[in-house]
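S.K.: What follows is a structure written as structure tokens; I'll ask about it next.
The values are calculated or read from the model by the stated rules, or taken from the named source; none is laboratory data. No experiment lies behind these values; they were computed from the predicted model shown. Neighbour counts are summed over all protein chains in view; Cβ atoms, including those assigned to glycine, are modelled from backbone coordinates with ideal geometry.
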Amino acid sequence: MTVTTGLKGARVLITAASRGIGFGAASAFLQEGARVVVNSSHADRLKQALETLRPFGEVSGVVADLSRQGDLDLLVRETRERLGGLDTLVYVTGSPRPGTFLEQDYSDWSAAANLLVVSPAYLARRAAELMIETSPAARQVFLASVAIREPLPNLATSSVCRIAVAGLVRTLARELGPRGVRVNGILPGYIRTERIGEVARDQARRHGTLVAEEISSLERQIPLGRLGTPDELARTILFLGSDLSAYVTGAMVPVDGGLLRSVG
């Protein structure tokens, strides 16, 4: 049996890809021969990312804010225009600011729900419409967090709102499977990105410690003893977004170095 990703020439859309997890995913898909559209809400960051990614393959960028319906519509329209269709969607997004439940007000919850619940669901629908029209075997991959299984300290809005991604994945797996679209999710643990720095700084402020001490504390919780990297996470994204996972749909896969203690 020959094992292949089947991504050569595949049409891929990756959101929030100017840095971190999304950037790592874009690099991985490009190196497999995919044609990729990446997104960021920051024009300067997107420009810099494209300059780095272009040596790996065919890539273009769209400036769009994932919290705005019009920008989500624009993202799908531009993907159709530039790629002619869509085979794989990878949904990555930023995270709400750290904070405990009692520190979050109405605007915090509203913004988090829009970004982590409404936006992925709406983009999934628009992407699915394009996929059903243009791809016989398409994939959607949604990035959530281990916090949906075991809530993390001082990340109340993220721990609550990202749970919706699991419901979205299981719902779409059943509804879109008969239409040739597989839908899966990933639960990243502590990945070495700017978000980890933000969390560590928040913890250091609360505990009166150094940021480096908080990073070390996080690493001690992980059985593998270290933070993951965006490139390591990208390998699982690549698996779920390609032919390698041809009979996998509705799954929520932890990529956390063994951090989760729960079963199931």
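S.K.: Filter the range 161-217 down to residues that are out of contact with any Asp or Glu (no Cβ under 9 Å at 6 or more places or on another chain) and in a helix (DSSP H, G or I), then give me how many there are.
M.R.: Number of matching residues: 31.
S.K.: Does at least one position in the range 134-143 carry a residue that is assigned to a helix (DSSP H, G or I), in contact with a strand residue (DSSP E or B) (Cβ under 6 Å, 6 or more places away or on another chain) and crowded, with 22+ Cβ neighbours inside 10 Å?
M.R.: Checking the range 134-143: not a single residue is assigned to a helix (DSSP H, G or I), in contact with a strand residue (DSSP E or B) (Cβ under 6 Å, 6 or more places away or on another chain) and crowded, with 22+ Cβ neighbours inside 10 Å.
S.K.: Looking at 94, 85, can you tell me which residue is at pLDDT 95 or above, of a type outside the set (D, E, K, R), assigned to a loop (DSSP other than H, G, I, E, B) and under 24 Å from residue 239 (Cα atoms)?
M.R.: Unique residue meeting the criteria: 85.
S.K.: Shifting gears a bit: Under the condition of being modelled with pLDDT of 90 or more and surrounded by 18 or more Cβ atoms within 10 Å (Cβ to Cβ), which residue from the range 196-238 is nearest to residue 20 (Cα to Cα)?
M.R.: Filtering the range 196-238 for residues that are modelled with pLDDT of 90 or more and surrounded by 18 or more Cβ atoms within 10 Å (Cβ to Cβ), the one nearest to residue 20 (Cα to Cα) comes out as 230.
S.K.: Does residue 196 count as touching a Phe, Trp or Tyr at 6+ places or on another chain (Cβ under 9 Å) and more than 22 Å from residue 31 (Cα to Cα)?
M.R.: Against the criterion (touching a Phe, Trp or Tyr at 6+ places or on another chain (Cβ under 9 Å) and more than 22 Å from residue 31 (Cα to Cα)), residue 196 qualifies.
S.K.: Here is a list: 182, 162. Which entry is of a type outside the set (A, V, I, L, M, F, W, C), in contact with a Leu (Cβ under 9 Å, 6 or more places away or on another chain) and either within 26 Å of residue 7 (Cα to Cα) or free of Cβ contacts under 8 Å to residues at least 24 places away in the same chain (or both)?
M.R.: 182
S.K.: Just for the range 1-30: of the residues that are among the β-branched types (Val, Ile, Thr) and in a strand (DSSP E or B), which one is surrounded by the most Cβ atoms within 10 Å (Cβ to Cβ)?
M.R.: For the range 1-30, the residue satisfying everything is 14.
For (1) within 17 Å of residue 19 (Cβ to Cβ); (2) touching a helix residue (DSSP H, G or I) at 6+ places or on another chain (Cβ under 8 Å); (3) buried (at least 21 other Cβ atoms within 10 Å of the Cβ), each residue gets a yes or a no:
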site	(1), (2), (3)
58	no, yes, no
64	yes, yes, yes
74	no, no, no
82	no, no, no
88	no, yes, yes
100	no, yes, no
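S.K.: So which of 63, 92, 38, 59 is touching a residue at least 40 places away in the same chain (Cβ under 8 Å) and of a type in the set (Val, Ile, Thr)?
M.R.: Only one candidate qualifies: 92.
S.K.: Oh, and also: Just the residues that are outside any strand (DSSP E or B), within 28 Å of residue 108 (Cβ to Cβ) and either over 19 Å from the mean Cα position of the chain (by Cα) or not hydrophobic (A, V, I, L, M, F, W, C) (or both), please, taken from the range 31-73.
M.R.: 41, 42, 43, 44, 45, 65, 67, 68, 69, 70, 71, 73
S.K.: Go through (1) in contact (Cβ under 8 Å) with a residue 60 or more places away in the chain; (2) within 14 Å of residue 24 (Cβ to Cβ) and name the single condition residue 256 misses.
M.R.: Exception for residue 256: condition (2).
S.K.: Another question, if that's okay. Taking the range 5-32, which residues are among the small types (Gly, Ala, Ser), over 18 Å from residue 140 (Cα atoms) and out of contact with any strand residue (DSSP E or B) (no Cβ under 6 Å at 6 or more places or on another chain)?
M.R.: 20, the sole residue that qualifies.
S.K.: Any residue in the range 221-237 that is more than 17 Å from residue 252 (Cβ to Cβ) sitting within a Cβ distance under 8 Å of a residue that is loosely packed, with under 15 Cβ neighbours inside 10 Å and among the charged types (D, E, K, R)? List the pairs, counting only those 6 or more apart or interchain.
M.R.: Pairs that qualify, where the first residue is more than 17 Å from residue 252 (Cβ to Cβ) and the partner is loosely packed, with under 15 Cβ neighbours inside 10 Å and among the charged types (D, E, K, R), are 225/219; 226/219; 227/219.
S.K.: Looking only at the range 22-50, which residues are farther than 20 Å from residue 86 by Cα, touching a Ser or Thr at 6+ places or on another chain (Cβ under 6 Å) and aliphatic (A, V, I, L, M)? If you could, list the steps in order and put the result at the bottom.
M.R.: Within the range 22-50, the first condition is being farther than 20 Å from residue 86 by Cα, and the residues that meet it are 41-49.
Filter again for touching a Ser or Thr at 6+ places or on another chain (Cβ under 6 Å), leaving 45-46, 49.
Scanning the range 22-50 gives 46, 49.
S.K.: Further, regarding this structure: Give just the number: which of (1) crowded, with 17+ Cβ neighbours inside 10 Å; (2) in contact with a helix residue (DSSP H, G or I) (Cβ under 7 Å, 6 or more places away or on another chain) does residue 179 not satisfy?
M.R.: (1)
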